[in-house]
1. When Rg is the radius of gyration of the Cα atoms in the stretch A:240-389 and Rh is its Kirkwood radius, what does Rg/Rh come to?
2. Among rounded, prolate and oblate, which fits the stretch A:314-389 when a ≥ b ≥ c are the square roots of the eigenvalues of its C-alpha gyration tensor, a/c under 1.5 means rounded, and a/b larger than b/c means prolate?
3. With viscosity set to 1.306 mPa s at 10 °C, what whole-number translational diffusion coefficient in µm²/s follows for the stretch A:278-357 from Stokes-Einstein and a Kirkwood radius over Cα pairs?
4. With every protein chain present, what accessible area does B:THR318 have (1.4 Å probe, heavy atoms only), rounded to the nearest 10 Å²?
5. 5 Å is the cut-off here: which amide hydrogens, built 1.01 Å from N in the peptide plane, fall below it relative to B:SER88, excluding neighbours closer than 5 in sequence?
6. Just A:LEU13, A:LEU202, A:LEU49 to compare: in a GNM of chain A, with alpha carbon springs under 10 Å, which one fluctuates most?
7. For A:ARG361 and A:TRP228, what does the FRET efficiency come to when R0 = 60 Å and r is the distance between their Cβ atoms, rounded to the nearest 0.05?
8. Which residues of the stretch B:220-245 bury at least 50 Å² of accessible area once all protein chains are present, versus their chain alone (1.4 Å probe)?
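The values are calculated or read from the model by the stated rules, or taken from the named source; none is laboratory data. Owing to the predicted nature of the structure, the values given are computational and were not obtained by experimental measurement. Cβ: placed from backbone, ideal geometry, glycine included. Neighbour counts: every protein chain shown. These area figures cover heavy atoms from the full protein model, side chains too; ligands, DNA and RNA do not enter into them. Shrake-Rupley method; radii C 1.70, N 1.55, O 1.52, S 1.80 Å.
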Amino acid sequence: MDVVVIGGGPAGLSAAIRAQELGLKVVVVEEGRLGGILPQCIHTGFGLLTYGEDLTGPELAHRLINSYQGEVLRGHAAGLEYSYHRKRVRVITEGGTVTLEAPTVIYAAGARERHAHEIGIVGDRVAGIYTAGEAQALMDLYGVLPGREVVIVGSGDVGLIMARRLSLEGAKVKAVVEMLPYPGGLARNLMILRDFNIPLLLNHRVVEVRGRGRVERVKVVSGSKEEWIKCDTLLVSAGLVPRVKLLRRAGAIIDERTSGPLVNDRLETSLPGIFAAGNSLVINDLVDYAMEQGRIAAEGAEEFIREGGIPSQDWVKVIPGDNVRSVVPQLISPGREVIAYVRPSKPLNDATLTLPNGRVRLGVIKPSEMLRVRVKAEEGGVAHVEIQG
Amino acid sequence: MRVAVVGAGITGVCVARELSRYRVEVHVFDAKPDVGWGVSKANTGLIHACYDDDPERFPVRAKACVEGNRMWRSLVEELSIPHSWDGSMVVGDEEDLPRLRELLRRGIRNGVPELRIVEARKLEPLIKGEYALYAPTAGQISPPQAVIAIAESAAINGVRFHLETEVKGIRVKSGEVEAIITNEGEVRVDAVVNAAGLKADEVAGMVGLPMEIRPRKGEYLIFDEDAGPKPSHIIFPVPSERSKGVVVTTEVSGHLMVGPNANDVQDKEDVSTTVEGLREVYGKASKLWPLPPMNKVIRSFAGLRPEPRGGDFILGRTEVGGFYNAAGMRSPGLTAAPAVGKELASMIAEDLELDRKLRWKAGRPLPVDGGGVVCRCNLVTSGRVRWAIERMRFLGVKTPSVDSVKFRTSATAGTCQGSFCRVHIARMLAEEYGVPLWQVTLKGKGSELGVGDVKALVI
Ligand SMILES: Cc1cc2nc3c(=O)[nH]c(=O)nc-3n(C[C@H](O)[C@H](O)[C@H](O)COP(=O)(O)OP(=O)(O)OC[C@H]3O[C@@H](n4cnc5c(N)ncnc54)[C@H](O)[C@@H]3O)c2cc1C
Ligand SMILES: Cc1cc2nc3c(=O)[nH]c(=O)nc-3n(C[C@H](O)[C@H](O)[C@H](O)COP(=O)(O)OP(=O)(O)OC[C@H]3O[C@@H](n4cnc5c(N)ncnc54)[C@H](O)[C@@H]3O)c2cc1C
């Protein structure tokens, strides 16, 4: 075995396909469905950049699954042990625990959703409080209608898509509540609010839930104003967090800005031979980027095996400057043009991105839309990345 | 002969298990869908060392606490109850030394062994404070799991549990209890044990006895498994008259936990958390220990202490023949419960002239594992979930609830709080109980997972 891929979502499958193309022997460890989050996203909006086609989640999942002919181990990767030449992955399967060994690992375990407790919502711990993904799985995989009168926390794409899904099912979405002064989602998804007449409360926060067995009302505050909205369901769509437990425990350095591992331009973590891709590296709004990261990581793994390690160099540190929330990778090779993913920290109308290798006019930018750029930096320096409004 | 125990909290199940050693029919009634869903499911879970119960003012409490602490040592082994014996530290500075000495002397009077005043940072380097009263005999258990384990052991020895069965009245004839009246019908009984927690005053009222139990809320924060630093002892502030104060502890499951505060409330059902309360808890705990930031919190919760008038436990015989109290079980009621159970059972055995059984089983079946992982955060397998469902059935749980599985397996109690696995657990419950998926509840009737099948609304 050359590479163990943890996670069979779009990032993991893309990594596995690319690694096979490069002649590596691959095993993908997946505990749920191959395709990751895709099978439950029955809307379109997938794969436009990669295939030039607007696919649904299940359609894209199909393509990826069909293009991967290698081995899949069904089970939960519960342990990751680092040593330079051999990584050990402990997998709990239906039939017992299996330990895989390989010189490289690509970690593509996706993300988890932030839940009500984490965002400080207090009150009663009752039924009717779901994360958006849980509600989506209930509806689209298991045919359960979560509720009738819904308040959604967060105006990101996931929240908006669920607003549409619930409305189409006959539920009443009473409000989408957004803490920030601007909406989070893509313009095409914001149309949903207009189509279904859903109020968007900007600069508002849901702070409390009350109810006996089930949600009966939620408290929404804005500055000193507060209001109770009657509803039976609270959907929390307050962002995703990379699932990095195994990486952290194995000793990888975690970047506080992305909550994912710190990586170089091969997407190699601080543990040599362990690479990361997709939502466990950085939260991607576009699946195309997650897939691309999978391919980059696979190329890194191939290089690691071929060269006995990624060549030593004086890594250039990427420094996020004005209006930049995060950049991945955090370390780049001097003199090499690499792909970087830049997350702006606020919306701007006429933005310009400054990189070590020049300036790019961006026009309108939003934190919800990650920027994909090519960066090149010279030896012995640091690479400042900043955005001017 | 037949004894009815009202309430399947830690107190009721301990009484029932001790009674199961005698030749007598024992029935436990609880209004809730599962055992231990009252006060006993939301508390700090500490087995106190028992230095802060004043033996002059609260003699019953002080005695039962010390005895209970000893009994838990073998009980956790016998019944495989998750536990840890970490020892506790009451931490203070130079000016608190007189208070620490006072607690030490009280502990000595109560017969608590191995107490000592130490330089706090020698034991716990990150602690905020100079000195500590160190009590090595203090420990922790998982309270809901303890109630379940003891209830199972009782059931194995013939005790019958009647869940979702509310006791609505008690018939007394010529000064003796005769029958209890429930929503499921009437049962003739020779003795009744009032272990009704917050509602023990209502149950006492059913036989005309006065009692007053007031709810006092305590709120908690639990941090992510990977958030630290975590102490290796249970850390208390210097106590006040009202409570032992906000504690910092690494609970049995490995999470950093802080709480509780203590606020008197009106409503005995109100276990909501509040912004102010949680802020108070965080603030007070940060005076003892360097806490991770609030965004590492994965859960907040609250419980209600059943505070009796006068402050001491209300235990034993009453003016009504056959009516026994095991009430007013405020803190350290969890610690004291095994001792209370033993005391009540021997009292009843004496009064009803019961003989001991020749054969009695001490243990309970061990959990079974197998299959794939369902709860990824806490690594709970599908085999373990099925085992939990089987144990629910064994005890007579009628309504399928995710919480019943959670308390038996720790599934859904990790970092993601069930957003991945709740639905899978619900599917197994739906299958085993033969109900539609949306009807599986979170915590009993009225908390169904959904409102119907998709498309149910538009048709
Ligand atoms: C509701 C929603 C709507 C979206 N809509 C769009 C859209 O319209 N267009 C678009 O381009 N993008 C969209 N996205 C984003 C896109 O889906 C993600 O960027 C992409 O799925 C990330 O892929 P991934 O492989 O990193 O993670 P995932 O898809 O989450 O896959 C991770 C996989 O790893 C497995 N796994 C994790 N841990 C382990 C372990 N320890 N052992 C074994 N297996 C493990 C999981 O089971 C899962 O299958 C959407 C996302 C969501 C949540
Ligand atoms: C915040 C807090 C922290 C605490 N910390 C600790 C600690 O660290 N250590 C410690 O030792 N103790 C602690 N305690 C105290 C301990 O939790 C209680 O003493 C103990 O749980 C009480 O158990 P119980 O069985 O008496 O009551 P409960 O667990 O409330 O059981 C009573 C049961 O009776 C049922 N019931 C009531 N009325 C009826 C009726 N009419 N018909 C049928 N059923 C009925 C209820 O449904 C309930 O299940 C704490 C308490 C709180 C609230």
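1. Values: Rg = 14.9 Å, Rh = 15.5 Å.
On the Cα set of the stretch A:240-389, Rg over Rh gives 0.96.
2. On the way: a/c = 2.18, a/b = 1.94, b/c = 1.13.
Cα axes put the stretch A:314-389 in the prolate bin.
3. On the way: Rh = 14.5 Å.
Estimated via Stokes-Einstein, D reaches 110 µm²/s.
4. Approximately 40 Å² of B:THR318 is accessible to the 1.4 Å probe.
5. B:ALA135, B:THR137, B:ALA138, B:ILE234
6. Highest fluctuation of the listed residues: A:LEU49.
7. Details: r = 46 Å, r/R0 = 0.77.
Once rounded, the FRET efficiency stands at 0.85.
8. Checking the loss per residue gives B:ASP226.
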